[in-house]
């Protein structure tokens, strides 16, 4: 679920490359998460001149969920 924009600072919004670096994954993974419905952009771009922006709290929640599902060795 996307975090409401009223609860975010501008520093909490990350473009796909920044989001990937923050999450420790490749940018293609961010796109796949979006396509699979696991991550929703906080702000959507038009696809030509502007890019989607992702909320840092949404990435934190997704990463916590994914870590909880990862089996411990």
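Read-outs: derived from the displayed coordinates by stated rules, not from any lab. What you see is a predicted model; the values in this text were computed from it and never measured. All Cβ positions, glycine included, derive from the backbone under ideal geometry; neighbour counts span all protein chains shown.
In this rough spin-label picture, where each label sits 7 Å from Cα along the Cβ direction, the residue 64-residue 17 distance is 3.0 nm. Ranked by the mean number of other Cβ atoms within 10 Å per residue, highest first, peptides 21-27, 7-13 order as 21-27, 7-13. Rounded to the nearest 10 degrees, the angle from helix 56-69 to the longest Cα principal axis of the chain is 20 degrees.
For the peptides 52-64, 30-42, the ranking by packing is 52-64, 30-42, with the highest mean count of neighbouring Cβ atoms within 10 Å listed first.
Test of understanding: what is the full-extension gain from residue 32 to residue 50, defined as 0.36 nm times their sequence separation minus their Cα-Cα distance? Please report the intermediate quantities before stating the final value.
Details: separation 18, 0.36 × 18 = 6.48 nm, distance 1.87 nm.
Contour length minus the Cα-Cα distance gives 4.6 nm.
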